[in-house]
């Protein structure tokens, strides 16, 4: 019984555009669409973006490096997740992190350990001065790892010196 009801109904096209396409294919004109779509509002042309050009009347000295404070830009928004993972806006903290990690290699420890400590303190100072600047964790990691490796190196040197002194006494 249920099959008879469904078979007696005419099949309707699925979309409005399909009746127009069928009518055009049959050579008939398409029925007028009673629901006309509203026209979108006109798009206003905006002026082109301004491109900042250096002032041609000022002679820039590109042979000297920038001023020391110019290397630390101040972010205008709070840091997002990516800024916390890789704090590119706080270069001393990021550099301290990498120097501390690479100071684990014993032959690099005498050079990279002190550098990790120096840049770590610079990164912490920059993060303390500007609360929106990320990188405190990276700076602390560089200080801890670089300092630990430097202490381990100094302990090894003292141990070898004491061992050599004791070997010479016998």
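For the range 114-131, name all the residues that are free of Cβ contacts under 8 Å to residues at least 12 places away in the same chain and under 16 Å from residue 84 (Cα atoms).
128, 131
Going by the conditions given, is residue 158 without any contact (Cβ under 8 Å) to a residue 12 or more places away in the chain, in contact with a helix residue (DSSP H, G or I) (Cβ under 9 Å, 6 or more places away or on another chain) and exposed (fewer than 12 other Cβ atoms within 10 Å of the Cβ)? Lay out the reasoning, then the answer.
Details: without any contact (Cβ under 8 Å) to a residue 12 or more places away in the chain: yes; in contact with a helix residue (DSSP H, G or I) (Cβ under 9 Å, 6 or more places away or on another chain): no; exposed (fewer than 12 other Cβ atoms within 10 Å of the Cβ): yes.
No; evaluated as a whole, the condition is false for this residue.
Within the range 96-114, can you find the residues that are within 9 Å of residue 142 (Cβ to Cβ) and either surrounded by fewer than 21 Cβ atoms within 10 Å (Cβ to Cβ) or in contact with a strand residue (DSSP E or B) (Cβ under 6 Å, 6 or more places away or on another chain) (or both)?
98, 101 - these are the residues of the range 96-114 that are within 9 Å of residue 142 (Cβ to Cβ) and either surrounded by fewer than 21 Cβ atoms within 10 Å (Cβ to Cβ) or in contact with a strand residue (DSSP E or B) (Cβ under 6 Å, 6 or more places away or on another chain) (or both).
Residue by residue through the range 132-149, note down the ones that are more than 14 Å from residue 92 (Cα to Cα), in contact (Cβ under 8 Å) with a residue 12 or more places away in the chain and surrounded by fewer than 19 Cβ atoms within 10 Å (Cβ to Cβ).
Scanning the range 132-149 gives 132, 144, 147.
Given the criteria surrounded by fewer than 21 Cβ atoms within 10 Å (Cβ to Cβ) and under 23 Å from residue 148 (Cα atoms), does residue 119 qualify?
Values: surrounded by fewer than 21 Cβ atoms within 10 Å (Cβ to Cβ): no; under 23 Å from residue 148 (Cα atoms): yes.
No.
Quick note: the coordinates plus some simple rules give every number you see, no bench work behind them. The shown structure was predicted, so the numbers you read here are calculated from the model rather than taken from an experiment. Glycine also receives a Cβ, built like all others from the backbone with ideal geometry; neighbour counts cover every protein chain displayed.
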